[in-house]
Amino acid sequence: MLWQQPSTMEPTHAVIDAHDGSPYMTLADYLSEHQPSKQNKLMQTITTELDTSDLDTESDSEDEKGSCYSVPSSPIVDDAASQTITDFSHYSGPAPAATLVTLPPEIRHEILKHLLVMPEDAPSPSSKTYSQEPGLIHTAILRANRQLYAEAQPLLYRSNTFLVHNTLLTELPQLRRSYRPVLSEDAAAQIERFHVSVRLDAEPGYDRAAATRHLSGKEEVVLEAAQSTFQGAGPEVLTLFEGVRGVRRARVVGSTEGFEDYARWLERAMMSPVGAEVEPFVWAEGREPEVESSWTSN
């Protein structure tokens, strides 16, 4: 069967050249007579599209911290078009093509996650060689339309881990070193996962009060200790994070040789409830770090 363009004297709907004696017949009639299974499948597709428009967007599940991804209402279906499309005997065209915004929200969320969330095997946020890696996220989807921006923007900022600034910490964070810092305060406020590159052999650009204020209550905080010489420095700089509390997942990684027990204690302290008093770490005799007084100033 071949599609033909109707002339101006013929019906305005699409037609099929039939071989059963009748000059033309609608797609619905043809499928009903010759391929009823395809008719049922097409009707099911149309019904699904209409049902999607009635989804209650306020019932979307929230994450454990009480925030949720904003899912605007589904595309509006015109009343006249709805009446025609539900009356299948008058439907004269192919099934509407599925688009990203007409997909079910949970499927659309998975697609956006694939585009905007770093894969688990991505290089560390502090990696200096990351600029040589191919782009692992595709933010152009944010410019598609308002609905996709509203859904995708929270996913980009809440699900990725960002590198903190060397002195401003959670202000001006970067997704990776090769990315520009986040300048918008509203966008930066959505970030809940942070990676801190801690130089054990250099003067820190912040004090304990700043570390506590910026990192407490976050979803995830990773402290990556580094030094130029193996065991050339102690854990003094790490003590600046002893006041951080309420972190859901805290990890201390990197150059922690010689004070692994302290690193594990610091993780537990950071994951303690906000305001909780934690028993100080007990150092072996002669091993207690000497902390500069300026690091602990308020």
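The values are calculated or read from the model by the stated rules, or taken from the named source; none is laboratory data. Everything numeric here is computed off the predicted structure, so don't read it as measured data. So basically every Cβ, Gly included, is an ideal-geometry build from the backbone, and we count neighbours across all protein chains shown.
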- Query: Does any residue of region 248-256 turn out to be under 30 Å from Arg287 (Cβ atoms), part of a loop (DSSP other than H, G, I, E, B) and hydroxyl-bearing (Ser, Thr, Tyr)?
  - Reply: yes
- Task: Name the residue, out of Leu148, Leu136, Leu172, that is on the phi > 0 side of the Ramachandran plot and modelled with pLDDT under 95.
- Result: Leu172
- Message: For region 150-170: of the residues being without any contact (Cβ under 8 Å) to a residue 40 or more places away in the chain, over 19 Å from Ser124 (Cβ atoms) and surrounded by fewer than 18 Cβ atoms within 10 Å (Cβ to Cβ), which is farthest from the chain's Cα centre (by Cα)?
- Response: Thr167
- Evaluate the following for Arg245: is it basic (Lys, Arg), in the same structural domain as Arg177 (by TED's automatic domain parsing) and outside any helix (DSSP H, G or I)? yes
- Task: With respect to Tyr179, determine if the residue is hydroxyl-bearing (Ser, Thr, Tyr) and free of Cβ contacts under 8 Å to residues at least 24 places away in the same chain.
- Result: yes
